[in-house]
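The values are calculated or read from the model by the stated rules, or taken from the named source; none is laboratory data. This one's a predicted model, so the numbers in the text were calculated from it and none came from an experiment. Using ideal geometry, Cβ is built from the backbone for each residue, glycine included, and neighbour counts are taken over all protein chains shown.
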Amino acid sequence: MKVNLIDWQNWGRLMFLIGILVVAPLVILPFYPAEMSDAGFFVWPALASFALGFFFSRKKNNAQQAIARIAARQQSSITVLFAWGWGVLLGAMPFILSGKLSFLQGIFEATSGWTTTGLSVLDVTKVNHLFLFHRSFMQFCGGMGFITMMLMLVSGRQAMDLFNAEGHPDKLMPNLKKTTRTVLFMFSALLGLGTLAYMLVGMNVFESVCHTMCALSTGGFSTRLNSIGEYHSFAINIITIVLMLIGTTNFAVLLLLGQRKWHRALQVSEVKFMFLVLVVVIPLTSISLWQSMSMSLSEGLQHASFDIISALSTTGYASMDYSHWPPFALSMMILVMLIGGGIGSTAGGLKLTRVYLILRLLFITIRSKLISTRRVETPTYESPQGKTVIDAALFFDTVGFCVCYLLLFGFGSALLTIAADCNLTQAMFEFSSALGTAGLSIGLTGPATKASVLIIEIVGMILGRLEIFIVLVGIDAVYKKIKAVKAA
């Protein structure tokens, strides 16, 4: 049976959706009418996307009813890759058409936006509100994912395939459309609350909206050149920390909190492990800053708390420059960026649950060697759905992903030492930030960064956001399809 791996109708829907997202920043024009001359940089890419979307949506899909499960998975992966590829290209066009950035820089900025990374090559002091809002809005939507938003238009088995392919492990509701509505409602409600909180402590409305969008999506783009640290406000730091912790928390746990099931939420293994990591790493980092940077212990604690939470949540907001941090503090930052946030959240990294599972199985193995017993322990952990058995499939998936992730981290860091002509610590910091979609920089990424460095980081951001295997499945499917066409 001939299987068509291109889902034309969903490609068309995605083009419509992405066109809407790119033109969305124009809603702020009534407040900034002087920026009307820049509207065309957003309108023309959106119109092109609408036209192509209409064309693709008219094409009929072949063999959809009889498609095999393996082919369906490949088709979904290709659709996800197309969504993110088209989103990056279209999101880059306003920067490119306006001359704010070169083609590669525009692709980099859009990739960093949609993947909620936060690394930037744009001088935010030289762009207007439209472009600043566009960056923040990309991160807000990228945190939810293109497929999550498109599922309002898709139903059935195909919808579940797409949902899983984009890396969403949990259904919050029995019905998938209710799940997507729940995610959209939570994000919208939290956006309103976060904006109000920032405004109450003195931030203006525009910057409050932008920073809330980027904190909730664990993105980290800022309207200020020196990020959150430029405000020098303890209250703003606290609000940002709360929003970053919310953003890095599993959507299913957030739902439990919204339902006032506090005890159940706090029993989730991932939540307990996150607080354990913070309790251990923050004091160690603060002591390192105190001893090496001539600051008081309280100052060290404040900076360590903010920046470690920013790194663990993979948000990327910074309270200070990291180029003069001591090696131990930098190693702590690299460690928590590798760990990352919640597995069902907007955060990147290995994810807290995976690291917890590896450590739990390691502990069980060590204990079984030290204590001679015939009793076989069935390993479990607490997920948002309740006690869950760590079976063979979960174990191999977790170990396989972690090994692949760490190999990529090592290889990418080695490449950066050559491309950026930097030492290994700097390369590890920067690439762990790109691969973990954290967005913190030690100074290697900026408007003057070389093309080779940007390309390495773009690949890292895409692989990190789509969790590696989705990309590999899609590339493999395309390769086999091309090979089959040539053979015919």
Looking at S294 and the list (1) out of contact with any Ser or Thr (no Cβ under 7 Å at 6 or more places or on another chain); (2) assigned to a helix (DSSP H, G or I), which single condition is not satisfied?
(2)
Are any of the residues in the range 231-239 surrounded by fewer than 18 Cβ atoms within 10 Å (Cβ to Cβ), touching a residue at least 24 places away in the same chain (Cβ under 8 Å) and in a helix (DSSP H, G or I)?
yes
Looking at the range 449-468 only, could you name the residues that are charged (D, E, K, R) and buried (at least 24 other Cβ atoms within 10 Å of the Cβ)?
E457, R465
Residue list for the range 277-302, restricted to those being of a type in the set (S, T, Y) and either surrounded by 16 or more Cβ atoms within 10 Å (Cβ to Cβ) or within 27 Å of R354 (Cβ to Cβ) (or both):
T285, S286, S288
Taking first residues from the range 413-426 that are closer than 12 Å to E457 by Cα and second residues anywhere that are among the charged types (D, E, K, R) and surrounded by 16 or more Cβ atoms within 10 Å (Cβ to Cβ), the pairs with Cβ under 9 Å that are 6 or more apart or on different chains are S413/E430; L416/E430; L416/E457; A420/E430
Give all pairs with beta carbons closer than 9 Å in which a residue from the range 201-229 that is free of Cβ contacts under 8 Å to residues at least 24 places away in the same chain and part of a helix (DSSP H, G or I) meets a residue that is surrounded by fewer than 19 Cβ atoms within 10 Å (Cβ to Cβ) and among the aliphatic types (A, V, I, L, M); count only pairs at least 6 apart in sequence or on separate chains.
V205/M199; S208/L196; S208/M199
Which residues, counting only those in the range 97-119, are buried (at least 24 other Cβ atoms within 10 Å of the Cβ), in a loop (DSSP other than H, G, I, E, B) and polar (S, T, N, Q)?
T115, T116, T117
Answer residue from the range 151-209, given it is at pLDDT below 80 and at positive phi and is surrounded by the fewest Cβ atoms within 10 Å (Cβ to Cβ) among those
G156
Condition check: closer than 27 Å to S136 by Cβ, surrounded by 18 or more Cβ atoms within 10 Å (Cβ to Cβ) and at pLDDT 85 or above. Does V336 satisfy that?
yes
Condition check for G91: closer than 30 Å to K126 by Cα, crowded, with 21+ Cβ neighbours inside 10 Å and modelled with pLDDT of 80 or more
yes
Which numbered condition Q75 misses (of (1) assigned to a helix (DSSP H, G or I); (2) farther than 21 Å from R13 by Cα; (3) more than 18 Å from the chain's Cα centre (by Cα))
(2)
Taking the range 28-40 and keeping only residues that are farther than 23 Å from L52 by Cβ and among the aliphatic types (A, V, I, L, M), one is left with I28, L29, A34, M36
Can you find a residue that is in a loop (DSSP other than H, G, I, E, B) and farther than 22 Å from G118 by Cα anywhere in the range 303-324?
no
Over 26 Å from L190 (Cβ atoms) and modelled with pLDDT of 65 or more, is that true of G85?
yes
Consider T378 carefully, then state whether it is farther than 25 Å from L335 by Cα and part of a loop (DSSP other than H, G, I, E, B).
yes
Residue check, V355 against (1) outside any strand (DSSP E or B); (2) loosely packed, with under 15 Cβ neighbours inside 10 Å, all met but one. Which one?
(2)
Of the conditions (1) crowded, with 18+ Cβ neighbours inside 10 Å; (2) part of a loop (DSSP other than H, G, I, E, B); (3) not aliphatic (A, V, I, L, M), the single one that G446 does not satisfy is (1)
Looking only at the range 316-369, filter to residues that are in contact with a strand residue (DSSP E or B) (Cβ under 9 Å, 6 or more places away or on another chain) and not β-branched (V, I, T); which one of those is nearest to A427 (Cα to Cα)?
Y356
Across the range 242-276, the tally of residues that are at pLDDT 90 or above, surrounded by fewer than 20 Cβ atoms within 10 Å (Cβ to Cβ) and more than 17 Å from Y356 (Cβ to Cβ) stands at 1
Taking the range 402-443 and the residues there that are assigned to a loop (DSSP other than H, G, I, E, B) and within 20 Å of the chain's Cα centre (by Cα), the one that is surrounded by the fewest Cβ atoms within 10 Å (Cβ to Cβ) would be I442
Cβ pairs under 6 Å, 6+ apart, first in the range 356-374 and under 14 Å from L276 (Cβ atoms), second modelled with pLDDT of 80 or more and assigned to a helix (DSSP H, G or I):
Y356/S269; Y356/F273
Which residues, counting only those in the range 255-270, are in a helix (DSSP H, G or I) and either free of Cβ contacts under 8 Å to residues at least 12 places away in the same chain or within 14 Å of Q385 (Cβ to Cβ) (or both)?
L255, L256, L257, W262, H263, R264, A265, L266, Q267, S269, E270
Only one of V471, V453 is out of contact with any Phe, Trp or Tyr (no Cβ under 8 Å at 6 or more places or on another chain), of a type in the set (A, V, I, L, M, F, W, C) and at pLDDT 90 or above, namely V453
Among the residues of the range 1-57 satisfying the criterion of being under 26 Å from the mean Cα position of the chain (by Cα) and of a type in the set (D, E, K, R), which is nearest to Q139 (Cα to Cα)?
R13
